[in-house]
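The values are calculated or read from the model by the stated rules, or taken from the named source; none is laboratory data. These numbers were taken from a predicted model, which means no experiment stands behind them. Every residue, glycine among them, receives a Cβ derived from its backbone with ideal geometry; neighbour counts consider all protein chains shown.
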Amino acid sequence: MSKVIVYCEHTGGTVRRASLEAIGAATSAGAEVVAILWGEGAAGAAASAAGAAKAICLTGDAAFSADAVATAVTEVIQSEGAKGFLAAATYRGKDLCPRVAAHLDVSPFADCIEFIGAGESFQVKRPWLAGKALATLGTTGGVLCATTRLNVFEPVDGPGPSECAEHAVSAPAKATVTSTEAKADAKLDVNEASVVVSGGRGLQEAANFKLVEDLAAAFGNAAVGASRAVVDLDWRPHGEQVGQTGKTVAPQLYVAVGISGAIQHLAGMRTSGVIVAINKDAEAPIFKVADYGIVGDAFEIVPALTEAVKAVKAQS
Amino acid sequence: MNIVACVKRVPSTEAVAKPTADGKGLDASEFQYMISFYDKIAVEQAVQTKEAAGSGEVTVLTLGPAAGTKEIRECLAKGGDKAVVLTDDDWQSRDARSTAKALVAQLSTMSADVVFMGRVATDRDNAAVGPMVATYLGWPCVTDVIGLEIADGKGCAKVETDAGIETVEFQLPAVITCQKGLNEPRTAGLKGIMAAKKKPLEELSPEAVENQSDVVEVALPAARKEGRIVGEGADAVPALIDALQNEAQVL
């Protein structure tokens, strides 16, 4: 069976779920997975790379350099004779994958949602125009380099590798991360959360996003999202923007509050598992993609919904 | 400073996707085009970098159709000094590698100090060409930049990652891909628009690079199953909770 290298990000001593999903994508396509990890704590986190047959920890400078790490990953791909390189479509994965692809002189594929075996190679399915269309693409390059869309693939339910080999990052760093200012709180990223509660201009002013934040907190595993309109008004940071010039998300549950549903926004969230829309305009386009809608005043509905979700969570 | 801003002409974000009859592409007959959202930020950053340096030249570089010079003139109206168009009427069919290699071939003749690009082109959404170009050139690259200082042949960039804000230091020449928040792109004034008409725009043939990926099929995402309005106002909340728990089983 062909071998696939999966770049695994880790935090707090375990591999991130997004990376576990990438391992799942590779194993479900029949590949043998070698997990590759960088940074402090890599050796300890490697054991949590469920589904990987083997792990390789990159050692070297304490500071991260995407170019030096990409070179080291390429060396591992070549020495392992791997046929594929996958990473989760996170910031780091999307940054590394094209660099590795260029070293291997192949064309990379971002945000893949399906891998289809086609003889010796694979076809990949991925969004175009932020998901307004889905393209199935044949790949003829030697090594398939791709990132996997978050919340699409299932992690492997099984053990991780029992040991971690080492590979030194030896290329001189061209660009180096000199400091990282961690997020103020451990907020989930919109494209990683299993529940996203997004707000739009219907909330009338920035302070009213408290309603959305409270509802997200009630769900517990939720991130706050925003429409482009409110990001452009500086009510919310761009990192929360869902849509064609923001992030594309596919959570199990997406709740849109006071968002009318412009085509650019719909493109970014229409593959969510279940969509709930709350809007005062019964004709708003958001209701065309919603599974469940409530028409009415968000200022009355959202607090009631928050209390009801809290009550459900308290029981479970 | 010799500054390059790479831009791509893409369908406007209002565009509606409709697969072609053969299912191998998108029907472009009703597309309106624009410079990709993030590439406008790249052009602005190029112009601001020149202004901060007090001298230099901004070249707008694109790989695109002969019909796309209108959008390129807009970039010149906003402060670009000249443009190079690698003419390819089939530009959207190129894969990331073939686009990157054509740009690399051109950039190799330009001795740029810094190359700005958008973080992603809003058509194929690959976010690959910037880091690929840098890797082929052997240059540093910082992606999704929201803050940047360049001085004395060095740069310091701020990047918003999943973990927080990273500070990245690098030497020039470098490729920088631009994220929303880095700057506010200016609008072109009448004077700029008039001046742009006289600025040099060179049309060249891009290096031929074969694609490594072919389109098997382009389809619309599966239609979502018909939803329903569960009710009006706060009174509808119990019905919604019931649906989320028992029907959708997501709560």
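A single member of B:76, B:61 is outside any helix (DSSP H, G or I), in contact with a helix residue (DSSP H, G or I) (Cβ under 8 Å, 6 or more places away or on another chain) and over 20 Å from residue A:129 (Cβ atoms), and it is B:61. In the stretch B:129-145, what residues are outside any helix (DSSP H, G or I), in contact (Cβ under 8 Å) with a residue 12 or more places away in the chain and over 22 Å from residue B:183 (Cα atoms)? Passing the criteria: only B:139. Is it the case that some residue within the stretch B:150-168 is assigned by TED's automatic domain parsing to the domain that holds residue B:113, in contact (Cβ under 8 Å) with a residue 60 or more places away in the chain and out of contact with any His (no Cβ under 8 Å at 6 or more places or on another chain)? Yes, the conditions are met somewhere in the stretch B:150-168.
There is no residue in the stretch B:226-246 that is closer than 30 Å to residue A:11 by Cβ and in the same structural domain as residue B:42 (by TED's automatic domain parsing).
Among the criteria (1) within 14 Å of chain B (Cβ to nearest Cβ); (2) within 20 Å of the chain's Cα centre (by Cα), the one residue A:24 does not fulfil is (1). For the stretch A:124-142, the set of residues classified as buried (at least 22 other Cβ atoms within 10 Å of the Cβ) and either more than 20 Å from the chain's Cα centre (by Cα) or more than 7 Å from chain B (Cβ to nearest Cβ) (or both) consists of A:124, A:126, A:137, A:139, listed by residue number. Pick out, from the stretch A:203-289, the strands (runs of 3 or more DSSP E) lying fully within it that include 2 or more residues that are of a type in the set (Val, Ile, Thr) and within 11 Å of chain B (Cβ to nearest Cβ). Here the list reads A:274-279. Where strands (runs of 3 or more DSSP E) fall wholly inside the stretch B:155-221, the ranges with 2 or more residues that are under 20 Å from the mean Cα position of the chain (by Cα) and among the hydrophobic types (A, V, I, L, M, F, W, C) are B:174-178. Whether a residue is surrounded by 13 or more Cβ atoms within 10 Å (Cβ to Cβ), away from chain B (no Cβ under 12 Å) and more than 14 Å from the chain's Cα centre (by Cα) was assessed, and residue A:109 does not pass this test. Filtered by the rule that a residue be of a type in the set (Gly, Ala, Ser), under 18 Å from residue A:22 (Cβ atoms) and at pLDDT 95 or above, the stretch A:85-138 gives A:87, A:88, A:89, A:93, A:101, A:110.
Regarding residue B:225, is this residue within 11 Å of chain A (Cβ to nearest Cβ), free of Cβ contacts under 8 Å to residues at least 40 places away in the same chain and in a loop (DSSP other than H, G, I, E, B)? Here the answer is yes, as residue B:225 does meet what is asked.
Residue by residue, here is whether (1) surrounded by 14 or more Cβ atoms within 10 Å (Cβ to Cβ); (2) over 27 Å from residue A:283 (Cα atoms) holds:
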residue	(1), (2)
B:215	yes, yes
B:222	no, no
B:229	yes, no
B:233	yes, no
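Among the residues of this structure, residue A:158 does not count as one that is within 19 Å of residue B:212 (Cβ to Cβ) and either assigned to a loop (DSSP other than H, G, I, E, B) or of a type in the set (Gly, Ala, Ser) (or both). The set of residues from the stretch B:25-48 being surrounded by fewer than 23 Cβ atoms within 10 Å (Cβ to Cβ) and of a type in the set (Ser, Thr, Tyr) comprises B:29, B:33. Every condition in (1) buried (at least 21 other Cβ atoms within 10 Å of the Cβ); (2) outside any strand (DSSP E or B) holds for residue A:6 except the one numbered (2). All conditions but one from (1) touching a Phe, Trp or Tyr at 6+ places or on another chain (Cβ under 7 Å); (2) on the phi > 0 side of the Ramachandran plot; (3) charged (D, E, K, R) apply to residue A:21; the one that does not is (2). Summed over the stretch A:68-106, the residues that are more than 25 Å from residue A:130 (Cβ to Cβ), crowded, with 24+ Cβ neighbours inside 10 Å and within 11 Å of chain B (Cβ to nearest Cβ) give a count of 1. When you check residue A:40 against the structure, is it modelled with pLDDT of 95 or more and surrounded by fewer than 24 Cβ atoms within 10 Å (Cβ to Cβ), yes or no? So residue A:40 does not fit the description; no. When residue A:158 is tested against the conditions (1) surrounded by 14 or more Cβ atoms within 10 Å (Cβ to Cβ); (2) within 23 Å of the chain's Cα centre (by Cα); (3) in the same structural domain as residue A:51 (by TED's automatic domain parsing), the lone failure is (1). Answer with yes or no whether residue B:251 is at the interface with chain A (Cβ under 7 Å from one of its Cβ atoms), surrounded by 17 or more Cβ atoms within 10 Å (Cβ to Cβ), outside any helix (DSSP H, G or I) and not β-branched (Val, Ile, Thr). When the stated conditions are applied, residue B:251 passes them.
For the stretch B:126-167, the set of residues classified as closer than 26 Å to residue A:125 by Cα, facing chain A (nearest Cβ under 7 Å) and at pLDDT 95 or above consists of B:126, B:127, B:128, B:131, B:132, B:135, B:143, B:144, listed by residue number. For the stretch B:8-58, filtered to residues that are outside any loop (DSSP other than H, G, I, E, B) and among the β-branched types (Val, Ile, Thr), the residue that is nearest to the other protein chains (Cβ to nearest Cβ) is B:10.
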